[in-house]
1. With each run of n ≥ 4 DSSP H residues scored as -39500 (n - 2.57), what mean residue ellipticity at 222 nm is computed for the chain after dividing by its residue count and rounding to the nearest 500 deg cm²/dmol?
2. Say the dipole of the chain comes from +1 at the beta carbon of Lys and Arg and -1 at that of Asp and Glu; which of PHE123, GLY157, CYS210 then lies farthest toward its positive end?
3. With a 1.4 Å probe and all protein chains left in place, how much accessible area per residue does region 28-78 have, in Å²?
4. Taking the Cα centre of region 35-111 as origin and charging only Cβ (+1 Lys, Arg; -1 Asp, Glu), how large is the dipole, in debye to the nearest 20?
5. Please report, for the Cα atoms of the chain, the Rg to one decimal and the Dmax as a whole number; what are they, in angstrom?
6. Among the listed pairs LYS21/LYS109; LYS18/LYS47; LYS21/LYS47; LYS18/LYS104; LYS109/LYS134; LYS29/LYS134, which have their C-alpha atoms separated by more than 29 angstrom in this model?
7. Put +1 on the Cβ of every Lys and Arg and -1 on every Asp and Glu Cβ in the chain; which of SER64, ASN75, ASN48 then has its Cα farthest towards the positive end of the dipole?
8. Compute, for the chain, the length of the dipole vector about the Cα centre, with Cβ point charges of +1 (Lys, Arg) and -1 (Asp, Glu) only. Units Debye, rounded to 20.
Amino acid sequence: MKKLSPVKERRTRTRYLKSVKEPCVTMLKPGANNKKLGSKITRGAWKNAAIYSLTLEERNSCPSHCNQWDTCYGNNMPFATRYDHTHPDFYDCLEENVSNLINKHIWRKDQPLAFRLHVLGDFFSVEYVDWWDKWLQDWQGINIWGYTHHDPSSDIGMAVREMNLLDNCHVRFSDKHNMEPYLQANVIAKDSTTAMGIICPEQTNATASCSTCSLCWSTNQAINFLQH
């Protein structure tokens, strides 16, 4: 198979190929490692949940029609570790990772978990959505929030919509698909005067982090993020 040139490869993958690592049993990182997330949710329906996040490779795991394809904020994150979702051990490692966190938080502390999917990357297959869906249905103490650029009418989009029917899942659709009643998240210009919904309070310094906000999993209004 003919290999792409380095320039063309970066158009379909991260700019930082050396940052892509093999999966391991600690892929889900504590929210305390990311000041925008925070370590533990302090308000709302998921109060007291410990936050963990997963980072995949941007573009390589994303739909090619994403409006942020060329301007992805991953372009400005050279030091972020991206985990290789194409590796044959990906699911086994992730399953062990989730199981360990269940044992650490839910079993030992009676503390729920909140997984932020994905700091970079996206849902890359229906099977992957179904994998998370099973955890959500099997464990009341597991919660998921995040964003996807998949069209809500695509196969992956419909799988995400089905998962969103669960109270412990709030994955918002980006790129202004405007398909109510599906949860929306939009990227807007800083000087925008036409955006409907709420500007992310963390970006406007109205709250310290996701952990002190909870809007993304507690409101049906669109959440708007300022263009990086």
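The values are calculated or read from the model by the stated rules, or taken from the named source; none is laboratory data. In this text the structure is predicted, and so the values were computed from the model without any measurement. Note that we place each Cβ from the backbone using ideal geometry, even for glycine, and neighbour counts take in every protein chain shown. What goes into the accessible areas is simple: the full protein's heavy atoms, side chains included, and nothing from ligands, DNA or RNA. Shrake-Rupley method; radii C 1.70, N 1.55, O 1.52, S 1.80 Å.
1. Values: 4 runs with 41 residues, N = 228.
It comes out at -5500 deg cm²/dmol, rounded to the nearest 500.
2. So the residue furthest toward the plus end is CYS210.
3. 49 Å²
4. Details: 10 positive and 9 negative charges, 150 e Å.
Taking the Cα centre of region 35-111 as origin, the dipole is about 720 debye.
5. 17.0, 52
6. Beyond 29 Å: LYS21/LYS109; LYS18/LYS47; LYS21/LYS47; LYS18/LYS104.
7. The Cα lying farthest towards the positive end belongs to ASN75.
8. That gives a dipole near 960 debye.
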